[in-house]
Amino acid sequence: MHMFRVRDEFRRSQLAVAALFCFLGLQYATWASRLPTIKSHLGLSAAELGLLLMACGAGAAASFPLVAVLMKRLGSRRLSFVSAAALVLILLALAVVPNYPVALVLMCCDGIAVGCLNVAMNAQGAALEVKYERTTMARLHATFSAGSLFAALLASGMNLLTSSMAAHFGVAAVILLLLAGYAQSGLLTEDQAPEKKTKRKKLTIPSRVTLWMGCAMAFGTVTEGAMNDWSALYLKDVADAASELAPMGIAVVSVMMVLARISADSWRTRWGDGRIVRVGSTLAGAGLALALLVGGVVPALIGFACVGLGIAAVTPCVYVAAAKQGSDALALVAAMGVTGLLAGPPVIGFIASASSLVWGMAAVAVSAVLVSLCAGRIRWAAVLPERVEVGVLTES
């Protein structure tokens with residue numbers, strides 16, 4: 001019975017942290033799915049819509065100092081609750097946003113809140129791995145992708161029932177509150193390994209290793225975000241795919257990422273985080289570059305699958321490495337990651353406007369390769385053991 005109690009403790013905490021990841025994926029994809037409606041409602045041009053997205057990325061980038069302070073004062077458990085509540089309120093406010101300036105402020109606040117929750121939930125995931133000496137971060141990130149997928153399905157279903165954005169966001173808010181409520185009961189009270197708790201310092205200049213982690217995270221999330229935003233347009237406008245095939249780009253990337261993240265924890269145990277990141281990002285960059293050179297629908301889908309498979313484990317592994325450097329390092333790396341995810345797609349759009357979408361997608365391939373180069377400068381933790389003695393856990 002004692003063995004099962006310990007095992008249940010890990011599973012309960014794992015599911016609680018997973019609920020936070022699902023929450024963030026659902027919240028982000030919910031408003032993203034309604035961007036055409038927001039654009040039409042506010043009468044925005046394409047450039048104004050791009051600036052709206054950039055405001056979210058700017059908020060995420062600016063969140064670093066605030067998150068570092070809040071992590072030390074509140075801890076990841078309380079910060080996750082505060083930031084989750086803020087994200088629900090922001091989503092509801094977006095449903096009735098009256099004008100463009102208010103929308104800009106809301107999107108900037110959304111970026112800040114996303115930065116806070118992103119750090120808090122990844123700190124929880126890293127603490128879970130430390131406490132139980134088991135790899136779990138990749139599966140947690142898989143629930144973020146699952147949350148995004150569920151949001152897309154919810155958006156489609158709500159569109160069939162009503163055109164009201166307020167009704168859609170209201171239903172999503174209820175689901176988000178349920179996820180947040182479930183998460184709070186099982187979150188860990190400690191944020192990191194005990195030996196890291198003794199030092200309480202003010203914000204300092206990031207170390208070189210931390211900056212390499214931040215760059216790897218930023219390039220990785222640029223790759224991930226750009227594929228979600230531009231793959232369908234590439235298939236339609238460049239590869240001349242039929243209209244019904246264009247969404248397959250996003251589907252292929254999403255499915256491969258979910259499958260890879262479900263399996264990635266066992267890969268991490270076998271080969272180590274560093275090798276997974278280096279090999280995976282190289283596969284993503286090379287596969288996409290080859291697809292662009294060959295051209296056509298089938299090569300493009302294969303290349304997109306390579307990106308989804310190769311880039312999936314980058315963010316989980318880098319978050320774990322950053323958490324071991326302390327809360328300041330984690331906050332900086334997370335801020336750079338969210339910035340890349342939200343600001344990367346508009347940058348790719350600017351490149352495509354100045355030249356062509358092929359060159360824009362080529363920049364995505366280069367970004368993936370840069371992840372591998374940055375990963376070579378990071379000190380990765382030793383491989384965790386494949387099995388954990390439950391008796392040892394009960395004694396601790």
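The set of residues from segment 131-174 being under 22 Å from S254 (Cβ atoms), among the hydroxyl-bearing types (S, T, Y) and open to solvent by 50 Å² or more (accessible area, probe 1.4 Å) comprises just one member, S156. The lone criterion from (1) modelled with pLDDT under 80; (2) in a helix (DSSP H, G or I); (3) not polar (S, T, N, Q) left unmet by L179 is number (1). Within segment 1-29, residues that are farther than 16 Å from Q184 by Cβ reach partners that are at pLDDT below 85 and surrounded by 23 or more Cβ atoms within 10 Å (Cβ to Cβ) with beta carbons closer than 8 Å, at six or more positions or on different chains, in the pairs G25/S145; G25/S148; L26/S148; Y28/S148; A29/S148. Which one of L128, L161, L89, L187 is over 24 Å from G59 (Cβ atoms), of a type in the set (A, V, I, L, M, F, W, C) and out of contact with any helix residue (DSSP H, G or I) (no Cβ under 6 Å at 6 or more places or on another chain)? From the options L128, L161, L89, L187, the qualifying one is L161.
Filtering segment 21-79 to residues that are crowded, with 16+ Cβ neighbours inside 10 Å and outside any helix (DSSP H, G or I) leaves R34, L44.
For the condition part of a helix (DSSP H, G or I), in contact with a Ser or Thr (Cβ under 9 Å, 6 or more places away or on another chain), among the hydrophobic types (A, V, I, L, M, F, W, C) and crowded, with 22+ Cβ neighbours inside 10 Å, what is the one hit in V338, V318? Going through V338, V318 in turn, the sole match is V338. Residues that are open to solvent by 40 Å² or more (accessible area, probe 1.4 Å), in contact (Cβ under 8 Å) with a residue 60 or more places away in the chain and among the basic types (K, R) within segment 255-291 comprise R270, R278, listed in sequence order. A single member of G308, G326 is modelled with pLDDT under 95 and either touching a Ser or Thr at 6+ places or on another chain (Cβ under 6 Å) or under 17 Å from W230 (Cβ atoms) (or both), and it is G308.
Taken as a whole, segment 296-316 holds at least one residue that is over 26 Å from A120 (Cα atoms), in contact with a Phe, Trp or Tyr (Cβ under 7 Å, 6 or more places away or on another chain), in contact (Cβ under 8 Å) with a residue 40 or more places away in the chain and aliphatic (A, V, I, L, M).
Look at segment 47-72: where a residue is touching a residue at least 40 places away in the same chain (Cβ under 8 Å) and a partner is crowded, with 20+ Cβ neighbours inside 10 Å and among the acidic types (D, E), sitting 6+ places away or on another chain with Cβ atoms under 6 Å, you get C56/D110; A68/D328.
The values are calculated or read from the model by the stated rules, or taken from the named source; none is laboratory data. Computed from a predicted model, the values in this text were never measured in an experiment. Please note: Cβ atoms are built from the backbone with ideal geometry, for glycine as well, and neighbour counts cover all protein chains shown. SASA here: full protein model, heavy atoms, side chains in, ligands and nucleic acids out. Shrake-Rupley method; radii C 1.70, N 1.55, O 1.52, S 1.80 Å.
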